[in-house]
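To start, the structure itself, in structure tokens.
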Amino acid sequence: MKTLTKLIAVIIIVGLYACGGGGEKGKSGASSEKPAPKAEPSASAGGEDDVKLQQYIVKGKEIYKTYCLACHQAEGQGLAKLYPPLAKSDFLAANPDKAACGVRNGQFEPITVNGVKYTQVMPPIPTLSDLEIAEVITYVSNSWGNSAGLISVKQVTEWLNNCEKQ
């Protein structure tokens with residue numbers, strides 16, 4: 001039994017490390033009295049915003065592979081009841097601001113995604129720039145059944161300046 005307990009502890013530690021663990025704690029899951037800001041959809045088909053959207057998606061995918069894939073998986077399906085799905089995520093669609101804050105500061109409060117409550121801590125990634133966070137949020141917000149359009153660095157900077165602190 002002690003061996004099983006040790007094995008589970010090692011798996012949890014490796015999982016947290018693989019997901020980019022460590023860093024300062026922050027709180028981004030608390031409910032807010034004002035409605036969550038929405039991502040701005042791409043302005044014109046074939047326009048400059050579409051080019052920028054594609055650039056953000058390409059760069060965001062690389063960031064996702066480095067920092068997010070181990071927990072949220074290759075197709076954004078999450079991992080059982082440990083890590084929430086990003087694919088067709090109602091939480092992501094309704095709370096892109098909280099997603100950005102969660103990337104920067106970590107997610108320490110429970111969240112509900114597609115009707116399932118998740119309590120696993122998401123470690124912060126304070127080393128990512130506002131631009132990199134905009135790119136990775138744009139990527140996940142436009143992959144696996146999500147279609148939010150471009151998440152601008154200006155939006156992300158504003159959201160990050162207003163993150164709720166723990």
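Only the coordinates and a few stated rules stand behind these numbers; no lab work does. Keep in mind that what you see is a predicted model, and the values were worked out from it rather than measured. Neighbour counts are summed over all protein chains in view; Cβ atoms, including those assigned to glycine, are modelled from backbone coordinates with ideal geometry.
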- Message: Whole-Hz ³J(HN,Hα) for each residue in the range 98-115, computed from phi via Karplus 6.51 cos²θ - 1.76 cosθ + 1.60 with θ = phi - 60°, x for glycine and proline: what do you get?
- Response: 5, 5, 4, 5, x, 5, 6, 9, x, 10, 10, 9, x, 10, 10, 10, 6, x
- Item | Estimated inter-spin distance, K52 and N161, nm [label 7 Å along Cα→Cβ] | 1.7
- Would you work out if the range 38-166 is rounded, prolate or oblate? Take a ≥ b ≥ c from the square roots of the eigenvalues of the alpha-carbon gyration tensor; rounded if a/c is under 1.5, else prolate when a/b is larger than b/c, oblate otherwise. prolate
- Between their Cα atoms, which of K59/K154; K88/K117; K98/K154; K52/K154; K52/K88 are more than 21 Å away from each other? K52/K88
- Using a simple spin-label model with points 7 Å from Cα along the Cα→Cβ vector, what separation in nm is obtained for A74 and E62? 2.1
